[in-house]
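Working notes, beginning with the structure itself.
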Amino acid sequence: MTEDKAEERGMRVFRAGSEPVLFELHEEGHSSFSLPKPGVPPVAAEKVLPRHLVREQAAGLPELSEPEVIRHFTRLSSLNYHVDLGMYPLGSCTMKYNPKVNEDVAALPGFKDAHPLAPEESSQGALELMYLLGRALTAITGMSEFCLHPAAGAHGELTGMLLAAAYHRSRGNKKKSVIIPDSAHGTNPASVRLAGFEAVEVKSSENGCLSARTLREAVNDGVGALMLTNPNTLGLFEEEVLELADIIHSVDGLLYLDGANMNALLGVAKPAHMGFDIVHLNLHKTFSTPHGGGGPGAGPVGVAEKLRPFLPIPRVVKTDRGYALHHDEPASIGRVHSFYGNFGVMVKAYAYILSLGAEGLEAVTRESILNANYLKSLLVPYFDIPFDRPCMHEFVLSGKRLKASGVRTLDVAKRLLDYGFHAPTVYFPLIVEEALMIEPTETETKRDLDGFAEAMKAIVKEAAASPELLKQAPVAAPVGRLDEARAARELRLKW
Ligand SMILES: *Cc1c(COP(=O)(O)O)cnc(C)c1O
């Protein structure tokens, strides 16, 4: 029976995008619970409450049975594309599958119910976990010490830049600017400005990397730091990183790593060995916490020995009497988050690290790189690739060839939804025309990668044969193409 026929016959049909709100589903007398008759006589509200607190009319809450409520929310939960549904190759964001064991561990009552104001003596387990996670991150990166407080990568960047400023102040350095390559994530210059520095952009070379020559020309005594992403947002390893480190250190500048791409280094290479002085990690990306949509994250910051005194407070320390919070650090930049940051994310990251172990973490890196290179090889015949050499965990294609038939990268992204895949990151990095930035991650199988490549090939064919079709995409999603700027500002919660 078609949906229209079913509706004609008075059956309720749920179409994606037509889910009613709970108030519309209301039917008088439906209820999700039944209570035994009270053994005492009822008392009117007016008798026990002050008059102004008594409603004049009933609240008008929807009446629904438990299955109606559960099914309503289950249907809503499946309207959006998500990582548990299929491949989500959003470049730079590392939308890997998040193992459910992380959630189980984070939901243990001792962690879930921990209160940030509880005394240290009764928070030993939570403190120990923070201490050990910090230790694990220092082992993974080679840095001296980590602060777990920042709530996201961008917050870690700001914290890192405040540390750089404190370092230079302590040495009487007059530093004004921070150098950032043109392929960098937009949060980099924003963090630099917020910390009071000027952001100076330098151009990537033909090979997609920052060359020592370019940096040498840009560097002077007023430069406080170089902010580098490695592998960079083109998915390429910065091959001259050791030379770049020497150059920035020659003016007592600091080398900062935007570690959002740590998924390509875990267990294989340590930022400290490349000369980085400050590193932020994105626990929600590399260490598997569900993210996107503004959910909680964590952007811990690790530093080299010379920057330790400036780290935020409080710090978790190990004493003979157990774990403690240490506040008395005169050179510290102070607090960067209320309490200790997003603790639940830390638990998930620690569970992830322990469940994989050193070998597992290395396998993450090797398999994410293998997956990216395999997928790249399948797609290279159909797209332009600005920097065609082996990539790390992601790669960037250009959709500029499709422009001849009037098709844009945005149309490809929207059409992918009809094929059951989330779109890659588009129009970033800014230095690639019609960019498609693809990060398959290690959690996808060969079958998923092949399926994605087949969908991309089919879309390229459609672009030549019927470009107008692509302009209408998506046609199979709960909603069609939205005015993205307006959709973010004028929410329509019902239609
Ligand atoms: C995601 C990302 C950031 C910002 O991290 P958030 O956790 O989203 O604040 C910074 N740089 C790069 C390269 C990223 O991919």
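The values are calculated or read from the model by the stated rules, or taken from the named source; none is laboratory data. This one's a predicted model, so the numbers in the text were calculated from it and none came from an experiment. Note that each Cβ is placed from the backbone with ideal geometry, even for glycine, and that neighbours are counted across all protein chains shown.
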Here are PHE310, PHE276: which of them is surrounded by 19 or more Cβ atoms within 10 Å (Cβ to Cβ), more than 16 Å from the ligand (Cβ to nearest atom) and in contact (Cβ under 8 Å) with a residue 24 or more places away in the chain?
-> PHE310
Go through the residues of segment 90-105 one by one and say whether even a single one is among the aromatic types (Phe, Trp, Tyr) and within 16 Å of the ligand (Cβ to nearest atom).
-> no
Residues being away from the ligand (no atom under 16 Å from the Cβ) and surrounded by fewer than 24 Cβ atoms within 10 Å (Cβ to Cβ): count how many of those fall in segment 147-166.
-> 2
One residue from ARG315, ARG389 being among the basic types (Lys, Arg) and surrounded by 15 or more Cβ atoms within 10 Å (Cβ to Cβ) = ARG315
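Per-residue answers, yes or no, for (1) of a type outside the set (Lys, Arg); (2) out of contact with any strand residue (DSSP E or B) (no Cβ under 8 Å at 6 or more places or on another chain); (3) within 16 Å of the ligand (Cβ to nearest atom); (4) outside the structural domain of ASP277 (by TED's automatic domain parsing):
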residue: ASN232; (1), (2), (3), (4): yes, no, yes, no
residue: GLU243; (1), (2), (3), (4): yes, yes, no, no
residue: HIS249; (1), (2), (3), (4): yes, no, no, no
residue: TYR256; (1), (2), (3), (4): yes, no, yes, no
residue: ASN263; (1), (2), (3), (4): yes, yes, yes, no
Given the structure, is ASP182 within 15 Å of the ligand (Cβ to nearest atom), among the acidic types (Asp, Glu) and surrounded by fewer than 24 Cβ atoms within 10 Å (Cβ to Cβ)?
-> yes
Pick from ALA199, ALA164, ALA152, ALA139: which is closer than 24 Å to PRO296 by Cβ and touching a helix residue (DSSP H, G or I) at 6+ places or on another chain (Cβ under 9 Å)?
-> ALA152
Any residue in segment 446-466 that is assigned to a loop (DSSP other than H, G, I, E, B), under 25 Å from the mean Cα position of the chain (by Cα) and not hydrophobic (A, V, I, L, M, F, W, C)?
-> no
Can you confirm whether segment 386-397 contains a residue that is among the hydrophobic types (A, V, I, L, M, F, W, C), modelled with pLDDT under 95, assigned to a loop (DSSP other than H, G, I, E, B) and in contact with a Gly (Cβ under 6 Å, 6 or more places away or on another chain)?
-> yes
The lone condition ALA139 fails out of (1) closer than 17 Å to TYR352 by Cβ; (2) crowded, with 22+ Cβ neighbours inside 10 Å is (2)
Can you tell me which residue in segment 197-230 is nearest to LEU162 (Cα to Cα), limited to those that are aliphatic (A, V, I, L, M) and within 16 Å of the ligand (Cβ to nearest atom)?
-> ALA225
Residues in segment 351-371: is at least one in contact (Cβ under 8 Å) with a residue 12 or more places away in the chain and over 25 Å from the mean Cα position of the chain (by Cα)?
-> no
Go through segment 279-307 and give me each residue that's surrounded by fewer than 19 Cβ atoms within 10 Å (Cβ to Cβ) and within 16 Å of the chain's Cα centre (by Cα).
-> GLY292, GLY293, GLY294, GLY295, PRO296
Residue among GLY267, GLY297, GLY292 that alone is on the phi > 0 side of the Ramachandran plot, within 16 Å of the ligand (Cβ to nearest atom) and either hydroxyl-bearing (Ser, Thr, Tyr) or in the same structural domain as ALA152 (by TED's automatic domain parsing) (or both) = GLY292
